[in-house]
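Taking it in order: structure first as structure tokens, then the write-up.
The values are calculated or read from the model by the stated rules, or taken from the named source; none is laboratory data. From a predicted model like this one, the values you see are computed outputs, not experimental measurements. Heads up, the Cβs are rebuilt from the backbone with ideal geometry, glycines too, and the neighbour counts pull from every protein chain shown. Keep in mind that these areas ignore ligands, DNA and RNA; they rest on the heavy atoms of the full protein, side chains included. Shrake-Rupley method; radii C 1.70, N 1.55, O 1.52, S 1.80 Å.
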Amino acid sequence: MADGRCTVDHLAGFQRPSGSAQVLTCGPDLLLLRNGSERVFAYSGREARVQAVYIFAGRVTHLLESPDRRCIFALCQNDGIYCTSLHQISRRQQAGIQLKEPSPTPTEAAPKSPVLVMVPPDACVLKDPGACSFAVLENALVAVARSGTAWRMGFYEVPAGSTGSCKKVEELCIPVLSAGCSSIYGGRDEAVPPVLCCIYPHGAKAKATEDSSSGHLLLEQVLFRLLFGVDAALLSSPTILCGLPDGRLCCLPLRRPGNPEAEGGESRVRVLRHLGQPIAFIGAWGAGGDDRGSSCLLVVGSSGRALLMLAEGEEEGRALEFRERHLSGRVQSACLADGQLFYSTGSDLLAVQLRPSPSGDRPDLWIPSLQPPVTLNVCSLIALSRPTETPAGAVKLFAVSLKGRLLRVTLPQKSPRAHGALSAAQVGQKVRDLLAGIGNVSERVSSLKSCIHLKNDALRNLNQVFNICCLLMPNQRHAGGGPCPVRPISCRVRVKRSCILQQETLFLSCVLQNSSDYILEQGWTLCVQLIYPPYPLTAQGERPTKTYSFPFDKLHPGKNLEVTLPLATESELALPVTVCCSLMYFLQSILGEEECRWAPMSQPSLSQLVKDSGYISLVLDTQTVDWLDCLWVGGPATHGNNTRPSSGSGVDLVQTLLTSSRKAQQQECEGAPLKTLPQRSSEGGPFVASLRVSSDLLKTALQLSGSGTGSVSAVLHWLVSCSPAGENIACEDIPVLSAVCPGGASLRLLAQEVTASDLWADGPITAVEIRIESSSLAELCGLHFAVLRRLQALLKEGVPEAGAARRLKGQSFVQLLQHTETLSKAVQEARGHIALGLGMSSRITEKLLHTYGQLRDSPFLIL
């Protein structure tokens, strides 16, 4: 094997494995293969065809042969362990039961259909949905299952003939490590099953030998005593060796001296070594062979760490020694035979020679060591069988490829180098070896090219995602150091109205604008979250929410993406609604689970953007949809007469007033928005609210020119510009606008220039009075707060000084404050009457309505 050449023969083709695969040698001519499905295939090497297909109740995750080689045990996922006889094949062939579907193509000229063996439910010998690995002894079965924070190791007695359910003898628990290897490997240890094998001391009366496929090993007496203790060696106790996914190598002798109940279960389990990575393979080898037993125990981890356990020193004073080595690549499957370790990394098959090296003090003593691996140029292997040696001296093993092919790999131990001329047979064999090597190299190159292409695409997508994250970071700045005036990627929200099934419905139109230089590739998702006002208001301030997700394929620079989602019907509308727009990206679509967990740690600037579930969340805009956004503006309105409310509906209207006022105060204190009240009777309307704003302030903030009707109309257009029909209003000098609220109530918005002279010592000030007239009291409250919110947002933007500072008339201002306090006390007294259940008289009703009108018609001026 010095030149690393091998011969690969294709035996059969199966379905592409879904998960792990396994190939098991049962005698010289029979192979058992599982590919992660519910089927197990029996391949006959003598007939070169699939002889039988066993169909189990669920996906088969582990397969073992009984020590007498008459039965097979199969572990079904989330079900249990089944046992069926291998001798059913011949009986069913005589009965004429065959598969109805075509079998894998064998090499015979006249192939026979494989036998279909349906494994019945009563073949289940152990019902345990949590079982993930097991080992079969002579008359016993050991199963390992994960249960919460512990590994359960159960011992069962197998009935005679392997029929019927197993009887539980004992169960031990091994605690799961809270931290360690599982956190290092990204928490993926649950996907790696434990590795179980039974080790016998040489000379024990055991039918299982090393060449059995059940995974039993024989160790020499000295090494067995050093590993498992004097008691286990004197009792010739078989010992269970369990390699856990967290890297611990545990041992448990099956026989104990003295009283078995005197010793606790957990104290019997001893940890030999912690490998620091999931254990993938356990094997034994040594110069003693079958005469003295193996003198070296080998444990291989899934990330390439190899541990050699051997007895070193003189015959009388030998001591246990642990030697660690590192193999190249990640170990997917491994096997050991005749001092050679074969393991597959997925991209190549490697061979490592375990050669004894003479000791310095005693040349007759040998110390095993791992030689550098030799590549065999066979790729895409995910499962290996136990190697066997042919009569010609070559090593033969069977393997399953990533595409589901059953392959036979033959490795010559020595390459003959004849000094004379080669015969025709030798030349033909060399040509076949070279062609096989070329084919294997070509397949490996194709696999590597595909892998490199996938990694390049992942790196390109990751770089693009990182650039977009930098654009949308909250502290993003231009090269000059100033704040970014225009967001490169934004989302604009607007309310639209539609009639569905004769019912007016409001929709939200969200337009995603890509003004950056990057393409939003497939994988990005636009998420829109609607946060509704709570009703009734709770102490916790909980607010109902709805989230809509819109995945899209590609958005080029300069393009827009518009999505529409329902807001509510007019009868169920709750305002104001907070709309949060964000971009989300699922990192696991381009990274693996482990890399996705480590990405935020390698880039601290991204840690605040990556969520626990592997999503990147980038907030675009947060807007508030209020009553002004939902108005249906119909154009100029005619001046009408304002009527006072009638006494018939006064109590209901006062109740509406007090409820709206209470909710407004809770909004200011707790940050909770108002809930739309049911529409009241319009008999008492219209209701009026007004406020005054300095003309200089509006001209400066809205960049208006001139005065009079033009500037007043511009203020009205600014207030209703975001409404559904706001863009359709012609830019005319209109001092009054008529509109319809979502609840159906009529509305008028008026604006006019007035002169304020009562509070100013420096003379009168020109102001714009905004007046709201509505036939519904609830809609009036919502509209009043919506206008105030617009003005507050205008002031927060930072309006420059619009003139010299004005001096107040102190006496007039104090009188106005005292009058406002008197109105506030009147409202508080009415609230007290309602809270105590004393009712309300018509006099109090009229007084409160009058107070409400005075509060809404405030003489204060916003500067």
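A few notes on this one:
- Near-label residues of region 22-41 by backbone N, under 15 Å of a point 7 Å along Cα→Cβ of Glu47: 29-32, 41
- Modelled spin-label separation between Ser85 and Lys127, with each label point placed 7 Å from Cα along the Cα-to-Cβ direction: 2.4 nm.
- Residues Lys455 and Glu562, FRET efficiency given R0 of 51 Å [Cβ-Cβ distance, rounded to 0.05]: 0.90
- Solvent accessible area, Å² - Glu312, 1.4 Å probe, full protein context: 70 Å²
- Highest mean packing first, where packing is the average number of other Cβ atoms within 10 Å per residue, the peptides 219-226, 824-831 line up as 219-226, 824-831.
- Full extension of the chain between Lys168 and Ser442 yields a length gain of 93.4 nm, computed as 0.36 nm times the residue separation minus the alpha carbon distance.
- Pairs beyond 20 Å (Cα-Cα), from Lys546/Lys796; Lys127/Lys168; Lys396/Lys430; Lys559/Lys796; Lys699/Lys796; Lys403/Lys449: Lys546/Lys796; Lys559/Lys796
- Between Asp231 and Asp68, the modelled label-to-label distance comes to 3.3 nm, taking each label 7 Å out from Cα in the direction of the beta carbon.
- FRET efficiency for Arg492 and Ser842, using Cβ-Cβ distance with R0 set to 56 Å, rounded to 0.05: 0.65
- Estimated FRET transfer efficiency when R0 is 25 angstrom, pair Gln426-His10 (beta carbons, to 0.05): 0.60
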